[in-house]
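Undergrad: This structure is in structure tokens; I'll ask about it shortly.
The values are calculated or read from the model by the stated rules, or taken from the named source; none is laboratory data. Bear in mind the structure is a predicted one, so any value in this text is a computation, not a measurement. Quick reminder, even Gly has a Cβ in these numbers, built from the backbone with ideal geometry, and neighbours come from all protein chains shown.
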């Protein structure tokens, strides 16, 4: 059993017992809403894959999106710099009235990001060749010039997303300040829906349809934030252009370092693009699709945890309760690992089958599946380190220290350039080398964050985490092994025959594959849960108690 004790039993822990329940409740809500958005994003990727495969249009879109849409995801999403800085400023000024502050944040951000968007539109012909420098192999059916033209066209259509990103991020911060989690978490689903609609509608230019759908989706993400933003009662005054409102200084002081830290991640992506652009056709799209499959569970778990845990970390730091801070960190981290490790095991075993089930139709070929799978398998080990890295970064933000994560991120980009060069140019590993460098850089980041956090807070109690972690890892191995064995012995031919009997012959193979994955994965999860139960893992009890409480509430209402 885990050695972690409830906070109320600790020496300086006068944290209310309900804080754990509140954390679990918010985690569950945000996880549910984020799950809906992630599945909408998965549907979007399936439609794009079926329509364009990993060819010119999809590759150009992913390059163009990295310049425009990525800013919306990183800067406009929950946990991004606009969200974090706005939340911090509004939490302090909420009771004093924040109408003018909200309007000033929105106006200044719109002007600054709007100027950047305009510059990107004007100078797209200069920016794109720097981001996509590699020459296209003549055997691919299109030229380097054609690819550049396609990327520039899509970048210009999507350039307003840069301005929209800032406003969406502020909207998330405002909504969370007033305990509104639904719209910020579900908003990305509207963007995915817009892209799907534009692709399915009749069109003569696939690139324009993709880019226009992305732009309309970004506008939709902003529109759905309005109900939450109105809770702050924005108030226009000429003073917002002439005088800093209370809380604006805190917003700027926190926002600028966070922006630089977030931008480092984007720069690393550009490094990867530069090395990938001269490789195989669809290489960058393969990396993007593999990363999205990894980010599906990661995004749900990390976003769901960071939204409620950030304020708790900040509360303990402000009160000087480092023991309570370390307790909450260990509890959050072990919970994330408890959920992430079996998912990682199943992805390792079922990854290729999942890609085939989701994408292999229309323009998507078996070769495309193999390309994505080759990247996915190397990225999966990153999940373990990724969740810990993001959680530790949030602790530094609780100390209002964004310089340390930024400094580590700067070192990471230098290391990433070297590793990409080593694996791609020296060892000739292709897109698999890019993925390997990404996984190693995540380990690099986490190691330095752990080192500096330990210097600040003292021992983090990681020794006490070894026993539950060993249980989770062993259980995950059993989970993957059982899933693999069942996948090998379930007779797909029998399922296809049954499907044919019910008039589903055209979809028989896909149904068989879906059932194979579902049965094997479910059995693996049951083995994992059973193993953790027998060894009395504390994290399983916490999850079970939460589910039991939900069931009691449902029965009482019915």
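Undergrad: Exactly one of (1) buried (at least 23 other Cβ atoms within 10 Å of the Cβ); (2) more than 14 Å from residue 290 (Cα to Cα) is unmet by residue 331. Its number?
TA: For residue 331, the exception is condition (1).
Undergrad: Kindly evaluate residue 162 against the criterion of being part of a helix (DSSP H, G or I) and closer than 19 Å to residue 52 by Cα.
TA: No; evaluated as a whole, the condition is false for this residue.
Undergrad: Any residue that is in a helix (DSSP H, G or I), within 25 Å of residue 326 (Cβ to Cβ) and in contact with a helix residue (DSSP H, G or I) (Cβ under 9 Å, 6 or more places away or on another chain) - is there at least one of those in the stretch 416-434?
TA: No - not one qualifying residue is present in the stretch 416-434.
Undergrad: What about residue 434, is it buried (at least 18 other Cβ atoms within 10 Å of the Cβ) and over 25 Å from the mean Cα position of the chain (by Cα)?
TA: Spelling it out, it is not the case that residue 434 is buried (at least 18 other Cβ atoms within 10 Å of the Cβ) and over 25 Å from the mean Cα position of the chain (by Cα).
Undergrad: Next up: Quick one: is residue 223 out of contact with any helix residue (DSSP H, G or I) (no Cβ under 7 Å at 6 or more places or on another chain) and over 15 Å from residue 61 (Cα atoms)?
TA: Yes.
Undergrad: Here is a follow-up. Do we have any residue at all in the stretch 518-527 that's farther than 24 Å from residue 352 by Cα, modelled with pLDDT of 95 or more and touching a helix residue (DSSP H, G or I) at 6+ places or on another chain (Cβ under 9 Å)?
TA: Looking for residues that are farther than 24 Å from residue 352 by Cα, modelled with pLDDT of 95 or more and touching a helix residue (DSSP H, G or I) at 6+ places or on another chain (Cβ under 9 Å), one finds none in the stretch 518-527, hence no.
Undergrad: Give the residues of the stretch 115-135 that are closer than 15 Å to residue 169 by Cβ and buried (at least 17 other Cβ atoms within 10 Å of the Cβ), sorted by residue number.
TA: Correct list: 117 only.
Undergrad: Pick from the stretch 338-367 the residues that are farther than 19 Å from residue 483 by Cβ, touching a residue at least 12 places away in the same chain (Cβ under 8 Å) and in contact with a helix residue (DSSP H, G or I) (Cβ under 7 Å, 6 or more places away or on another chain): which of them is surrounded by the most Cβ atoms within 10 Å (Cβ to Cβ)?
TA: 364
This table checks each residue for (1) over 13 Å from residue 86 (Cβ atoms); (2) without any contact (Cβ under 8 Å) to a residue 60 or more places away in the chain; (3) outside any loop (DSSP other than H, G, I, E, B).
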site: 218; (1), (2), (3): yes, no, yes
site: 229; (1), (2), (3): no, no, yes
site: 234; (1), (2), (3): no, no, no
site: 249; (1), (2), (3): yes, yes, yes
site: 256; (1), (2), (3): yes, yes, yes
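Undergrad: Could you figure out which of (1) under 22 Å from the mean Cα position of the chain (by Cα); (2) closer than 20 Å to residue 49 by Cβ isn't true of residue 281?
TA: Residue 281 satisfies all of (1) under 22 Å from the mean Cα position of the chain (by Cα); (2) closer than 20 Å to residue 49 by Cβ except (1).
Undergrad: Give me a count of the residues in the stretch 43-61 that are under 15 Å from residue 292 (Cβ atoms) and outside any helix (DSSP H, G or I).
TA: Within the stretch 43-61, residues that are under 15 Å from residue 292 (Cβ atoms) and outside any helix (DSSP H, G or I) number 1.
Undergrad: May I ask you to verify whether residue 267 is surrounded by fewer than 22 Cβ atoms within 10 Å (Cβ to Cβ), modelled with pLDDT under 75, part of a helix (DSSP H, G or I) and over 13 Å from the mean Cα position of the chain (by Cα)?
TA: no
Here is a yes/no grid of residues against (1) in contact with a strand residue (DSSP E or B) (Cβ under 7 Å, 6 or more places away or on another chain); (2) surrounded by fewer than 20 Cβ atoms within 10 Å (Cβ to Cβ); (3) touching a residue at least 24 places away in the same chain (Cβ under 8 Å):
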{"site": "517", "(1), (2), (3)": "no, no, yes"}
{"site": "522", "(1), (2), (3)": "no, yes, no"}
{"site": "525", "(1), (2), (3)": "no, yes, yes"}
{"site": "543", "(1), (2), (3)": "no, yes, yes"}
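Undergrad: Just to be sure I understand, how many residues within the stretch 148-163 are touching a residue at least 24 places away in the same chain (Cβ under 8 Å) and within 11 Å of residue 128 (Cα to Cα)? First the steps, then the outcome.
TA: Initially, the stretch 148-163 is screened for residues touching a residue at least 24 places away in the same chain (Cβ under 8 Å), giving 150-163.
Checking the rest, the ones that are also within 11 Å of residue 128 (Cα to Cα) come to 150-156.
Of the residues in that region, 7 qualify.
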